[in-house]
Structures are given as C-alpha cells and as structure tokens.
Amino acid sequence: MSLPPGFLDELRNRLSLSQVAGRKVMWDQRKSNRAKGDMWAPCPFHQEKTASFHVDDRKGVYYCFGCHAKGDAISFVRETENVGFMEAVEILAGEAGMTMPAPDPKAQEKADRRGQLAEVTEAAVAWFRMQLRTGAAAAARDYLDARGLAADTLDRFEIGFAPAGRQGAFRALSDKGIDPALITAAGIATKPDDGGAPYDAFRDRITFPIRDPRGRCIGFGGRAMDPNARAKYLNTRETELFDKGRALYNHGPAREAAGKGQPLIVSEGYMDVIALNQAGFQATVAPLGTAITETQLQLLWRIADEPIVALDGDRAGVQAAQRLVDLALPLLEAGKSLRFVVLPQGQDPDDLIRQKGAGAMQDLLDQAEPMVRLLWRRETEGKVFDSPERRASLDNALRDAVTRIKDLSLRRHYGQVLNDMRFQLFRAPRRADWQPGRKGGFGAPAGPQAVTRATPLAAGNMTDAEMRVALILATLCLMPALIDDFEHALERLAPTNPDHARLADFLLGTTHRDAETLRADLDCGNLGQTLENLLSLGHVRIAPCIRAPDDISKAARCLAEEFAKLTARRGLEDEMTEALEDLAETDGARLRWRLNTALRARQQAETLGADDTAATPEDESSLSQHLSDLIATRAWEKKSR
C-alpha cells in the first residue's frame, strides 16, 4: 500500500523517538540531558554495559557508537520488533493517534469492523482471566499447577477459564453494553441454526488468547477439562478476525525474540509454546491445531530463514513432519528451509523439559537435522533394498520428490546429497571401510584392505606422476559429473600403469554421470577392484576433494590443479630427455662445452684460495658423463620415499 505525501513526515513529527526507544532501553540519567533531547543508554542491538546508544530527539535519529546501528523511529521499530516497513508504520501510527490511509471506503469500513470485533475479544480476555480466580475454576488451576506454570507465565499468556454455563460469557459481555451481534461475530458465542438464544463457544475450558503480530486478540484456543469432551482442544471458529490457517500462536513475541538472535522453534500446541517460553525459548510458535499451511510456512520464513520444527516423538508427530516436508519442497528457496527435531518416543517439549530440564531441549535443538535427511528417512526407514526393483522404486520416489523443488540450483544440491546417501546405503555391505560424512556424504576410507595392502600402489612404489594420475582417476570415478569438463585433459592422461589406463579408457567411454550407476558398470567390467586400490592410497584418502565428495566445486579445482601440475612435470621430463639426447650425440659438442664450462667455474669457486696447480679440472668426457648421471638420477628432486 502506498502512503500519501507527507504522511511519514507528519508521523515523525508527532512522535518522540526517545519515547519510542524508551520502551526498549534504560536511559543513563547521568549522561542524558532530556531538556535538550540528548539521550544515552546501553544499546538494544548488541550486548554492552556502557551507554553508547545515542538518541538526538530533536532530529529524530539514533546512532550507536559501538555497533554503528542508526536510523529513525520507523527503523528502530523494524529492528527491535522484527517487523516489515508497513507494519512498523502501523504500530507508530497507532501510538501517534493517526489513522492509516485506507485505499477505499470499503476497506476503511472493514478496518473499522475488525477494530470493533477486536474490542469484543479483548473484553472476553479480561472476563476469562477473572473467571480463572473463581471457585468454579479450581480444577483448572490444579491442572495448570500440575503442568508447572508459574504465576507470571499465566499473566504473560493471559490464560483464563470459561465456566461450564451455557451463556456466561455472552451475558457478561452483553451486560457491558456490547452488541450481541458483535459477540457472535467475534466467535465468543454461537447462534444456533434454529434461531434460538446464542450460547458460549467455550464452556468448561482453559482459554488461551490468540493474538496477531500486532498484538490484537483475534480468537481463542480452549482446552477441555472434561476428559470425555468431543474435542480436547477447540479453536475459535473462522471469523472476520480469525483464520486458523493464517495465524500462529505467540506470533508477535516470538518474532521479537527471533529478531534478537534466538532460534525460531515450531511446536505442536499451546502448552508446548508456554513450557518452552518458561524454559527460556521465547522464539516459539505453534500452528492452531492443524497441519502447517502454506501461509503459515511463509509467515515462519518471514521470522527466520531456518525454523526448527520440534515435533512429538509419536507416530502422529512423525507423520506431521512428513506432511510438512511435502508442503515445503515446492516452496524452498536458497537460504529458506526447515530443520527438524523429533523428540523421544512418547514425549512432547513440556514433558522433556519437566523431566530433564532446558539443557536437554537445547541439546536436541543443537542436533536439529536438515530437511533432506527427513526426506531420506521417509523413503528408506524400515525398508530393504535387496533387489534392483526395490532400488529402482527408491530412485523413483527420490526423483519425484526432488523434481518438485522449483529452484534449479537447490534441486541440483538436493540430488547430490541424496546420491551420496544412496551410495552409502547400497555400498555399505561391500565397502565397510567408508564412514558417513558430516554433511550427508562420506568420510575418507579407513585404510587399505587386505587384498590391496600388498599391491605396488599401496606399497607406495609410485612416481609423482603416477600419484597424480591416481588422484585424478579416483576423483572422476566418485564425481563423474566432472568428466565432460575434463574430457580433453583425460584423453592426454596416458597412464603408464595398465590398470589405470583401462580405467581412464572406461571413463572416456562411459555416458553415465551418476556415481552409483557408474560404480555398477565398473564392477561389471572388473574395474571395481582398481578403484578400491586407488581409494586405499594414503595420498588419495586425505585429498580434500575425496574427503568432501559433496563439494563438486572443490573437486573441480583439485582436478584442474592436478592436471596442470602433471602437464608441467611431463614438460620438464621431455626437456630432460632432449638434453640427454644432445649429450649423447657427437654434434652436441657446443652444449657439452657450455655445461662443462659451468661445472669448472663452480669447481673453481669451491676451491678459491687454494694453489692453482691443486685444482686439476676434469676432462670434457668425464664432466659430460657426470652431467648425464645427474640428469638421469634427477638429483635435484626432493624424494618422497
């Protein structure tokens, strides 16, 4: 919505920034000068003990000399409340007594109507809270005490009680002069279809006010005290104010806490949110009795990029997590995802915290898993893949899931991680030396197997060039998607080891770019053991590109470097060969003369100061032979063995 010219200027003129900021900071009275509008306080944006946060009330701006945060009243509300621009303007406009401009008269009428309904729900909040102190609410108070809710928690969440009478709330609000039609429209009472007298929507239930991000009460949740009630939890029916698929319990306070750095936690119900808040996890929300909707998921991502979904460890909790995975896949974006915590069997967050404390909950949150692992477990847990048909079924299921991701880059990364998991699953019985990696891939092989320990490669009898060839071939076997990028270099590889040469020819001829399929073809072509031998080599195992097979960009850099070094070394070897050939030819006298002269000069420098007759130079023939021996033995090279 666009704002008319001058609206923001008028808003800033009506507000005192020191009053707006004063809700979040404690002014340093010794350093501040209120008469001049010169205010100082510890900064609300970073932890500090000194007063480095400065407000110039006359100019309406703030600046922190510690973290360099700066802005005006609107930016202050945006940062501290974790809201968008228009929401911040609405909050400040309400404080300044200004009406937000409506795009048309009907919108204004609708806004006025919603305001009237919000006044009704606020009146109901006060009445329900008062009822919790009455004798009729003794069982409700006992229940809340048993759940460990402190008095300040009851006040913070404005928990109340709806008596069992049929028209308690309706009559109480009507007696205050509230239009009965508004009471019904707000969902506090229900009018029967037969035209009879309205009756209370909540009876004999503990009530939990549900507020929108701006803090307005839009509805209620109610927990039945009667164990035989048809519904244990009941929400306000859909009204002009309330749509349970578009609201989150504890939305506003959780958004503010998340803006201060706390992780956003999504729990299942009201009591979970309250228990987590009481334990210090204040950035906690809950959907309202149903599976998370697309709108709620978008609301979560507005608060945090990676909400942590903490679900009960029962079958219903796991199924809810799986449904959420299906909902989220098409909506994923780079940087926007979900992480999951599945609690121990039969426990919810409230149970866990009461039994083991907040530390146990924090441990679980620290181990929250990315969504891709939950997807993998859904398709593999409890299943056996002992036939090609079952493996093909898994492939189809994973492919169907990944193709639902609209972001192509994200889809590719999901495919790579899932391929790594498939490699681990299908190869684990035959390659027990591979260990799961921290990122869903594989770690380095544990060491050479007995069948490879005695081979020349494992024994270390390899030249520098052969070692580089081994690393190149192993990398391409594990990440065949890179074959096309390095095909021309691979054609010129020319390995001297026969097994390596056959493996290189296979890579040049294969059309498979999937590691699992390629490995199956290697086994069929009797080249599987060759790859095992390569992977057992020490310098291959510790190579960064082998230890992190899910990082294809790192592997590409590694291959480029190894091919370049191999080319440079072979160029040097060619030059040495030519030099030896020149020395052996009779017409290479000039080259031999220049090299012999250099050797004599070095010998003379080493014997400087001695008697000239004592420095007997070698003859040309012996010097040439000495030079040939140096080149043949490559004495200048640093030996690795």
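The values are calculated or read from the model by the stated rules, or taken from the named source; none is laboratory data. Just so we're clear, the structure is a prediction, and the values are computed from it rather than from any experiment. Glycine gets a Cβ as well: all are built from the backbone with ideal geometry, and neighbour counts include every protein chain shown.
Here are some notes:
- Some residue of region 465-472 being outside any helix (DSSP H, G or I), surrounded by 14 or more Cβ atoms within 10 Å (Cβ to Cβ) and at pLDDT 80 or above: no
- Every test in (1) within 33 Å of the chain's Cα centre (by Cα); (2) in a strand (DSSP E or B); (3) basic (Lys, Arg) is passed by Arg214 save one, and that test is (2).
- Tabulated pairs, region 62-82, first over 15 Å from Glu95 (Cα atoms), second modelled with pLDDT of 90 or more and among the hydroxyl-bearing types (Ser, Thr, Tyr), C-beta under 7 angstrom, 6+ apart or interchain: Cys64/Ser52; Phe65/Ser52; Gly66/Ser52; Lys70/Tyr62; Lys70/Tyr63; Gly71/Tyr62
- Residues located in region 163-206, provided they are more than 17 Å from Arg223 (Cβ to Cβ) and in a strand (DSSP E or B): Ala189, Thr190, Tyr199
- Conditions (1) surrounded by fewer than 18 Cβ atoms within 10 Å (Cβ to Cβ); (2) in contact (Cβ under 8 Å) with a residue 40 or more places away in the chain; number of the one not met by Ala321: (1)
- Output for region 486-505, where each listed residue is surrounded by 13 or more Cβ atoms within 10 Å (Cβ to Cβ) and over 22 Å from His539 (Cβ atoms): Asp505
- Test: residue in region 525-541 that is at pLDDT 80 or above, among the hydrophobic types (A, V, I, L, M, F, W, C) and under 30 Å from Arg411 (Cβ atoms): yes
- Verdict on Thr236 being surrounded by fewer than 18 Cβ atoms within 10 Å (Cβ to Cβ) and within 30 Å of Leu182 (Cα to Cα): no
- Applying the criterion of at least 3 residues that are hydroxyl-bearing (Ser, Thr, Tyr) and not assigned by TED's automatic domain parsing to the domain that holds Asp243 to the helices (runs of 4 or more DSSP H) found wholly in region 84-157 leaves an empty list.
- Hey, Glu333 among the acidic types (Asp, Glu) and crowded, with 20+ Cβ neighbours inside 10 Å or not: no
- Helices (runs of 4 or more DSSP H) contained in region 343-389 and holding at least 1 residues under 30 Å from Phe426 (Cβ atoms), modelled with pLDDT of 90 or more and touching a helix residue (DSSP H, G or I) at 6+ places or on another chain (Cβ under 6 Å): 371-380
- Residue in region 251-259 that is assigned to a loop (DSSP other than H, G, I, E, B) and either more than 23 Å from Gly115 (Cβ to Cβ) or in the same structural domain as Arg171 (by TED's automatic domain parsing) (or both) present: no
- Screening Leu522 with (1) under 17 Å from Ala568 (Cα atoms); (2) touching a helix residue (DSSP H, G or I) at 6+ places or on another chain (Cβ under 7 Å) gives one miss only, at (1).
- Remark: pairs (first residue in region 229-249, in the same structural domain as Gly215 (by TED's automatic domain parsing); second residue basic (Lys, Arg) and loosely packed, with under 14 Cβ neighbours inside 10 Å; Cβ separation under 8 Å; 6+ apart in sequence or on different chains) = Glu240/Lys110.
- Count of region 533-563 residues, restricted to those that are of a type in the set (Asp, Glu), assigned to a helix (DSSP H, G or I) and free of Cβ contacts under 8 Å to residues at least 12 places away in the same chain, is 1.
- Here is the figure for region 1-51: residues that are of a type in the set (Val, Ile, Thr) and in contact (Cβ under 8 Å) with a residue 40 or more places away in the chain total 1.
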